[in-house]
Structures are given as C-alpha cells and as structure tokens.
Amino acid sequence: MNINQILSLKKGEGKFLLIAAFFIFSLFASYSLLRPIREALGISGGASELKWLFLGTFIATIIGSILAMILSGAIKRKLYTDFIYGFFALNLVGFFVLIRQIPQSSEAYLIVARSFYIWVSVFNIFVISTAWSLLADLFSKERSARLFGIISAGASLGGIVGAFFVSFLSKFIDVPSFILSL
C-alpha cells in the first residue's frame with residue numbers, strides 16, 4: 001500500500017494537497033507566533049483593560065466584516081484574496097515600525113499595543129476564513145470531502161510548530177521582532 005492509497009489521492013493530487021496543507025500550516029504557524037505578542041502587548045496597560053479589548057475586537061470584527069463584504073462584491077475573487085493578504089502583511093510591517101519607534105512608557109505605545117491586540121484577533125478571523133474560502137473554491141465537493149481533513153492536519157501542525165518557535169526564539173529576540181519572524 002502506498003501513500004496515494006492511504007490518503008485516497010487520485011492522480012496529480014499529491015502536489016496540490018501538499019501546497020494546500022503547507023498554506024494552512026503557514027497561516028496557523030504565523031498566528032501561533034503572533035498570539036503571544038498579542039497577549040504581551042494587550043496586558044501592557046494592565047489586565048483590567050482586557051474587557052475593553054474584547055469589546056474593541058467585537059466592534060472591529062463587525063466593521064471589518066462589513067467592509068470585506070462590500071469589497072468582495074466590488075472586485076474579482078483573485079484580487080480580493082490578494083488584497084486581504086497584502087493588507088494584513090502591510091499592517092504587520094506598520095506595527096513593527098510603530099512598536100520599534102514609540103517609547104514603551106508613552107501613551108501612544110499603549111494605543112498601538114491595544115490596537116495590535118485587536119488587530120491580531122481580526123487578522124486571525126480574516127486570514128483563516130479567506131484561506132479556507134480560497135481552498136473551497138479550488139477543490140471540488142468530492143475532493144474537499146476526501147482531502148480537507150488532511151489539510152486540517154496542517155493547521156494543527158502549524159500551531160504546534162509556531163508555538164515551538166515562540167519558545168525557542170524568545171531566548172534570542174525581543175517581542176516586537178517576532179512580528180517580522182513570520
């Protein structure tokens with residue numbers, strides 16, 4: 001019995017499955033790297049701020065969903081996916097620059113830290129849902145029934161590997177540098 005039979009792969013699906021699983025793996029690994037930064041920055045104003053950060057996340061998610069819905073109706077699917085990933089990548093660079101440039105003792109730093117906390121939560125929702133939506137468009141119903149479980153294993157592995165890299169890299173780099181380690 002070979003790997004194609006074990007995974008129920010048809011001719012030519014192996015490469016496609018590997019790319020899709022690596023794509024999902026990468027997204028979950030990146031979120032696992034961002035989550036500890038989010039937590040560290042989120043409590044920089046005190047743990048009592050968390051209730052407001054949850055409310056901010058809720059509001060930002062609603063606003064982001066409405067904007068994404070409008071955008072998805074206005075542009076082609078390929079451009080939508082490119083826009084979502086490009087937007088969040090540029091945001092990461094922007095947060096990296098702001099966190100590096102603003103003194104940690106300032107009120108502006110707290111605003112950026114709180115914004116980052118909310119942003120990571122919104123990032124998670126949009127980047128992951130866009131990825132699965134893209135894969136649902138690319139896979140037929142029959143193919144997705146057979147292969148999405150395997151691709152989901154990439155998500156689990158990505159979370160594990162991302163968490164491992166956080167524990168490993170935290171010995172060598174500071175919190176803001178994690179942003180660009182993605």
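The values are calculated or read from the model by the stated rules, or taken from the named source; none is laboratory data. Treat the numbers as computed from the prediction; the structure is a model and nothing was measured. Neighbour counts are summed over all protein chains in view; Cβ atoms, including those assigned to glycine, are modelled from backbone coordinates with ideal geometry. Surface accessibility is based on the protein's heavy atoms, side chains included, excluding ligands, DNA and RNA. Shrake-Rupley method; radii C 1.70, N 1.55, O 1.52, S 1.80 Å.
General observations
- Qualifying residue in the stretch 40-55 (condition: of a type in the set (S, T, N, Q), part of a helix (DSSP H, G or I), open to solvent by 20 Å² or more (accessible area, probe 1.4 Å) and modelled with pLDDT of 90 or more): no
- The set of residues in the stretch 104-116 that are open to solvent by 40 Å² or more (accessible area, probe 1.4 Å) and either of a type in the set (A, V, I, L, M) or at pLDDT 90 or above (or both) comprises 107, 108, 111, 114, 115.
- Options 132, 119; residue that is open to solvent by 60 Å² or more (accessible area, probe 1.4 Å), closer than 18 Å to residue 29 by Cα and touching a helix residue (DSSP H, G or I) at 6+ places or on another chain (Cβ under 9 Å): 132
- In the stretch 85-96 there is no residue that is at pLDDT below 90 and either open to solvent by 60 Å² or more (accessible area, probe 1.4 Å) or β-branched (Val, Ile, Thr) (or both).
- For the stretch 68-79, the condition holds for no residue, the condition being that it is of a type outside the set (Asp, Glu), surrounded by 14 or more Cβ atoms within 10 Å (Cβ to Cβ) and closer than 23 Å to residue 39 by Cβ.
- Some residue of the stretch 106-114 being of a type in the set (A, V, I, L, M) and under 22 Å from residue 29 (Cα atoms): yes
Listed here are the residues, each with its yes/no results for (1) in contact (Cβ under 8 Å) with a residue 40 or more places away in the chain; (2) over 28 Å from residue 159 (Cα atoms); (3) among the β-branched types (Val, Ile, Thr).
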{"residue": "89", "(1), (2), (3)": "no, no, no"}
{"residue": "100", "(1), (2), (3)": "yes, no, no"}
{"residue": "105", "(1), (2), (3)": "no, yes, no"}
{"residue": "108", "(1), (2), (3)": "no, yes, no"}
{"residue": "115", "(1), (2), (3)": "no, no, no"}
{"residue": "118", "(1), (2), (3)": "yes, no, yes"}
{"residue": "125", "(1), (2), (3)": "yes, no, yes"}
